[in-house]
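Working notes, beginning with the structure itself.
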Amino acid sequence: MRLNNYISSTGMCSRREADKLIQQRKVLINGKIAQIGQAVEPNDVVKVNGRKITPKKQHVYIALNKPVGITCTTERHIKDNIIDYINYPERIFPVGRLDKPSEGLIILTSDGTIVNKILRSENNHEKEYVVTVDRNITDKFITDMQNGVRIFNPVNNKYVITNKCKVTKVNNKTFKIILSQGLNRQIRRMCEVFGYNVTKLQRIRIMNLTVKGIAPGKWRKLTDKEVQSLIK
């Protein structure tokens, strides 16, 4: 890593300001006056104005197109867990869940500060799904799904009415649904109330992030712009 980038990554100043500090002979690498453009190796000791500096840890943000059969858990003893599936060298964890029979977009990160921001239903963060069921969809089904459905929530052993949401028919057996809450197996339970069984469920969007361009079973790191959007 170049020295000015190293100094900037600590949060002390910009790279341009770092270059000024180097020119002013205020930066030492391993006790020697540093030069503009000098590289910093992993074991080097960098000091600015006599104070040792280290870069802030860079968090990891990953978008995975989860395939069917992978379980969203950090418990490594569970077969086909998402952590072993990705096999990333740093500690990461999934933000929310996508049940084992479902597929599609899920975020994994090392940044614990964004979890509640994304998952809190009061923040109205949208998640969009494409759902296929086992029999033909009626207009009444679409209307009833949109207006809130009374389902059993096993987390607190109580019945709850789901928030109103947007449901759009795609074809005879497929619809899109946009939710801002994430109850356990919510879409499947909503469909079961009306006598429908889900045969395929894919999450295609979380807030501004989409699964487009990520092949099934593959993942990519989020861009800086995407990360900033999530944090905001």
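For the range 7-24, does any single residue satisfy the condition of being within 29 Å of T109 (Cα to Cα) and modelled with pLDDT of 90 or more?
yes
For the range 81-101, what are the residues that are in contact (Cβ under 8 Å) with a residue 12 or more places away in the chain and either among the polar types (S, T, N, Q) or open to solvent by 60 Å² or more (accessible area, probe 1.4 Å) (or both)?
Answer for the range 81-101, where residues must be in contact (Cβ under 8 Å) with a residue 12 or more places away in the chain and either among the polar types (S, T, N, Q) or open to solvent by 60 Å² or more (accessible area, probe 1.4 Å) (or both): Y85, E90, R91, R97, K100, P101.
On the given criteria, is I231 modelled with pLDDT under 95, closer than 22 Å to Y61 by Cβ, surrounded by 14 or more Cβ atoms within 10 Å (Cβ to Cβ) and not small (G, A, S)?
So I231 does not fit the description; no.
Among the strands (runs of 3 or more DSSP E) confined wholly to the range 125-199, which include 3 or more residues that are in contact (Cβ under 8 Å) with a residue 24 or more places away in the chain?
Because the criterion is at least 3 residues that are in contact (Cβ under 8 Å) with a residue 24 or more places away in the chain, the strands (runs of 3 or more DSSP E) in the range 125-199 that meet it are 127-133, 150-153, 166-171, 174-179.
Are there any pairs with C-beta distances below 7 angstrom linking a residue in the range 24-39 that is closer than 15 Å to Y6 by Cβ to a residue that is acidic (D, E), with the two at least 6 apart or on different chains, and if so which?
I29/D44; N30/D44; I36/D19
Hey, among Q186, Q181, Q202, which residue is in contact with a Ser or Thr (Cβ under 6 Å, 6 or more places away or on another chain), under 20 Å from G96 (Cα atoms) and either of a type in the set (A, V, I, L, M, F, W, C) or buried (at least 16 other Cβ atoms within 10 Å of the Cβ) (or both)?
The conditions single out Q181.
State whether the residues of the range 35-57 include one that is within 19 Å of the chain's Cα centre (by Cα) and not aliphatic (A, V, I, L, M).
Yes, the range 35-57 has at least one match.
Would you say N172 is open to solvent by 20 Å² or more (accessible area, probe 1.4 Å) and over 14 Å from V130 (Cα atoms)?
no
Test each condition in (1) crowded, with 17+ Cβ neighbours inside 10 Å; (2) at pLDDT below 95 for K225 and report the one that comes out false.
(1)
Hey, can you tell me all the residues within the range 25-44 that are within 16 Å of M12 (Cα to Cα) and open to solvent by 50 Å² or more (accessible area, probe 1.4 Å)?
The answer is K26, L28.
Which condition number does G217 fail, the rest of (1) at positive phi; (2) open to solvent by 30 Å² or more (accessible area, probe 1.4 Å); (3) modelled with pLDDT of 95 or more being met?
Status for G217: all satisfied but (2).
Can you tell me which residue among R220, R205 is within 30 Å of K140 (Cβ to Cβ), assigned to a strand (DSSP E or B) and charged (D, E, K, R)?
Exactly one residue qualifies, and that residue is R205.
Based on what the data block shows, is Q58 free of Cβ contacts under 8 Å to residues at least 24 places away in the same chain, open to solvent by 10 Å² or more (accessible area, probe 1.4 Å) and more than 27 Å from K200 (Cβ to Cβ)?
Here the answer is no, as Q58 does not meet what is asked.
The values are calculated or read from the model by the stated rules, or taken from the named source; none is laboratory data. Being a predicted model, the structure only gives us computed values, none of them experimental. Don't worry about glycine lacking a Cβ; one is built from the backbone with ideal geometry, like all the others, and counts go over all protein chains shown. All accessible areas refer to the heavy atoms of the entire protein, side chains included, with ligands and DNA or RNA removed. Shrake-Rupley method; radii C 1.70, N 1.55, O 1.52, S 1.80 Å.
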